[in-house]
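Engineer: Below is the structure I would like to discuss, written out as structure tokens.
Nothing in this text is a laboratory measurement; each read-out follows from the coordinates by a stated rule. Small disclaimer: the values here were computed from a predicted structure and weren't measured. Here the Cβ positions follow ideal geometry from the backbone for every residue, glycine too, while neighbour counts run over all protein chains shown.
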Amino acid sequence: MPIANYWAMEVHWRNPGELTDSVREAAEDRITRLADGHSDLIDVWVDIEAAGGHHRKGPRQVTIRCQARRAELVAHGVASDPEPALHDALEVFSREVHRLRDKRQTRR
């Protein structure tokens, strides 16, 4: 019996300290569901930082970067707290993944 190729996308976090474990797990589940059945998403990086740069207080910006086959997807979310910023970034990321796949299907 042949051995199937196993492919696994990885989710990497930078500065997730303000998020609870359950919020992080839910976000990873959502990203993983986007990858299920597809091999186009390679690695995903989720960065959480102050929107203005290095300040500890103020709005938070979440940036999701994804290395995909022949493309790089970038999604941003900004809010006063990291959880809603993450939610906004996940919404944008989901739309970008679907847009990328739709574009590839129309080319075929």
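Engineer: Can you pull the one-decimal nm distance between simple spin-label points at V74 and S39, each 7 Å off the Cα toward Cβ?
Structural biologist: Using points 7 Å along Cα→Cβ, the separation is 2.8 nm.
Engineer: Right, next: Measuring from the lowest to the highest alpha carbon on each principal axis, how far does segment 27-108 reach, largest first, in angstroms?
Structural biologist: For segment 27-108, the Cα spread along each principal axis is 48, 21, 17 Å.
Engineer: Compute, for segment 17-108, the length of the dipole vector about the Cα centre, with Cβ point charges of +1 (Lys, Arg) and -1 (Asp, Glu) only. Units Debye, rounded to 20.
Structural biologist: It comes to approximately 660 debye.
Engineer: Something else now. Test of understanding: in a Gaussian network model of the chain with alpha carbons linked when under 10 Å, which of S80, S39, S22 would top the mean-square fluctuation ranking?
Structural biologist: In the Gaussian network model the winner is S22.
Engineer: How far, in nm, would the chain grow between V23 and R104 when pulled straight, counting 0.36 nm per residue and subtracting the alpha carbon separation? Write down the numbers at each step before the final one.
Structural biologist: Working: separation 81, 0.36 × 81 = 29.16 nm, distance 3.14 nm.
Gain on extension, V23 to R104, equals 26.0 nm.
Engineer: Among R60, R33, R70, which one shows the biggest mean-square fluctuation in a GNM of the chain, springs joining Cα atoms closer than 10 Å?
Structural biologist: R70
Engineer: Counting pairs of alpha carbon atoms under 8 Å apart in space and at least six apart in sequence, what relative contact order in percent does segment 10-107 give?
Structural biologist: With pairs under 8 Å counted, the relative contact order is 21 percent.
Engineer: Pairing the Cα long axis of helix 82-107 with the longest principal axis of the chain, what angle in degrees results, from 0 to 90 and rounded to the nearest 10?
Structural biologist: Between the helix axis and the principal axis of the chain, the angle is about 30 degrees.
Engineer: Could you give the angle, 0 to 90 degrees to the nearest 10, between helix 21-35's Cα long axis and the longest principal axis of the Cα atoms of the chain?
Structural biologist: 30
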